[in-house]
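Report on one structure; see the data block that follows.
The values are calculated or read from the model by the stated rules, or taken from the named source; none is laboratory data. From a predicted model like this one, the values you see are computed outputs, not experimental measurements. Cβ placement follows ideal geometry from the backbone for every residue including glycine, while neighbour counts extend to all protein chains displayed.
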Amino acid sequence: MGLFASLCALVGCNAQNAAFKSVDVTEFEKTIADNNIVRLDVRTPEEYAEGHIDGAINIDVKQTDFEKRAMALLPTGKTVALYCRSGRRSKKAAQVLAARGFDIVELESGIIGWNDAKRPVTTIETDIFATPGGKLVRIDAIKHGTLSINFDGKWIYIDPVTTAVKPVTDYSTMPRADIILITHEHGDHLDANAVRQLAKDGTRLVANANCATALKGVTDATVMANGDSLTVGDVKIDAVPAYNTGADKQQFHPRGRDNGFVLTIDGMRIYIAGDTENIPEMADINDIDVAFLPCNLPYTMTPEQVANAARIVKPKVLFPYHYAQTDINRVPELLKNDQIDVRIRQYK
């Protein structure tokens, strides 16, 4: 008998438990407005992909490894606000997690009630991490080479583009940016319209010299070259090399022009490689918690090169990204014996 069926048999399908709190849509919405609350969708990945509450991570309660995955993915010491389709599965998940010491708030009516109340949903996948200082970092997989990072209420966007990569993205519907990082000037990384939609008073735009020139008249940019460092608020930004080594690829990303970035946020280190191959300078990139490595022939790396790069950088979590038509599932296969958590998200 699976975990979900066992729980049903033990407590009954309509059971409530004093160890967690069930609330209506209005109260749930108030709860998740707190940036320190973890949002959890316990439906299947297929249901999650159709539309979920913004910022929710996905762990399927009907899978036999639900508890193990939850303990690995959920930051300890944080309140978890969870939901399912109608409230049935979420109560089972709430009981499991409450028994593990989590403070649980459960949406009684599920996503059905959320939708009936005309609350918004998204299809953007989210991952949540805890910094060494105990704060939450949220990473959203927007598409291709585009992602956003939220920390302590501040928003960082990397390589936002609107129409150059499908699906078309309207950033005017998203939180405005505190920091925008642009790795290089190719059209699937540099988009003046996206920058316009995201910029506000005080937005810090960071880019290489070519991007800064291209964006004159849109907003001023802080120019960073390989080896430069900059601190913006609580975020330290290091610009690192990103280039092609293959003789047949030099025209795509020449050495010295483009940037990758290493972000240090409350002790957590995130490496965003940009468009690059597995270059020697990766040996100098250390103590990485989360890495984004591109996998897109003929412009960046093969799955084998990504695996080799991952073995050099040694991140705790790896997101292969910018992968277009590449068979991206080769990457976790190649790294199955390495101590790296490889997560495939919608970065096609």
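For region 256-327, list the strands (runs of 3 or more DSSP E) that sit wholly inside it and hold at least 1 residues that are farther than 24 Å from PRO167 by Cβ and polar (S, T, N, Q); which are they? Where strands (runs of 3 or more DSSP E) fall fully within region 256-327 and carry at least 1 residues being farther than 24 Å from PRO167 by Cβ and polar (S, T, N, Q), they are 258-265.
To keep it simple, each residue is scored yes or no on (1) aliphatic (A, V, I, L, M); (2) more than 21 Å from THR64 (Cα to Cα).
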| residue | (1), (2) |
| --- | --- |
| LEU82 | yes, no |
| SER90 | no, no |
| ALA98 | yes, no |
| LEU107 | yes, yes |
| GLY110 | no, yes |
| ALA117 | yes, yes |
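When TYR171 is tested against (1) closer than 21 Å to ASN259 by Cα; (2) modelled with pLDDT of 95 or more; (3) out of contact with any strand residue (DSSP E or B) (no Cβ under 7 Å at 6 or more places or on another chain), exactly one condition is not met: (1). If only residues of region 224-245 that are β-branched (Val, Ile, Thr) and crowded, with 17+ Cβ neighbours inside 10 Å are counted, the one that is farthest from the chain's Cα centre (by Cα) is VAL240. Summed over region 84-122, residues that are of a type in the set (Lys, Arg) and over 14 Å from VAL61 (Cα atoms) total 3.
Restricting attention to region 88-127, the residues that are small (Gly, Ala, Ser) and under 14 Å from GLU29 (Cα atoms) total 4.
Of all residues in region 177-198, those that are assigned by TED's automatic domain parsing to the domain that holds THR213 and in a loop (DSSP other than H, G, I, E, B) have Cβ atoms under 6 Å from Cβ atoms of residues that are of a type in the set (D, E, K, R) and surrounded by fewer than 24 Cβ atoms within 10 Å (Cβ to Cβ), 6 or more apart or on another chain, in ASP178/LYS154. Of all the residues that make up region 304-328, how many are at pLDDT 95 or above and within 18 Å of the chain's Cα centre (by Cα)? Selection size over region 304-328: 11. Sort out which residues of region 310-334 are in contact with a helix residue (DSSP H, G or I) (Cβ under 6 Å, 6 or more places away or on another chain) and surrounded by 20 or more Cβ atoms within 10 Å (Cβ to Cβ), and write them in order of number. Hits for region 310-334 are VAL313, LEU318, PRO320, VAL331. For region 52-70, what are the residues that are more than 20 Å from the chain's Cα centre (by Cα) and basic (Lys, Arg)? Once the filter is applied, which keeps residues that are more than 20 Å from the chain's Cα centre (by Cα) and basic (Lys, Arg), region 52-70 yields LYS62, LYS68. Comparison of VAL165, VAL137, VAL161 shows that the only residue that is outside any loop (DSSP other than H, G, I, E, B) and surrounded by 17 or more Cβ atoms within 10 Å (Cβ to Cβ) is VAL137.
Looking at region 1-115, the helices (runs of 4 or more DSSP H) lying wholly inside it that each contain 2 or more residues that are buried (at least 16 other Cβ atoms within 10 Å of the Cβ) and at pLDDT 95 or above sit at 25-32, 45-50, 66-73, 88-99. Applying the set (1) crowded, with 17+ Cβ neighbours inside 10 Å; (2) over 28 Å from PHE129 (Cα atoms) to ALA192 leaves exactly one unmet item: (1).
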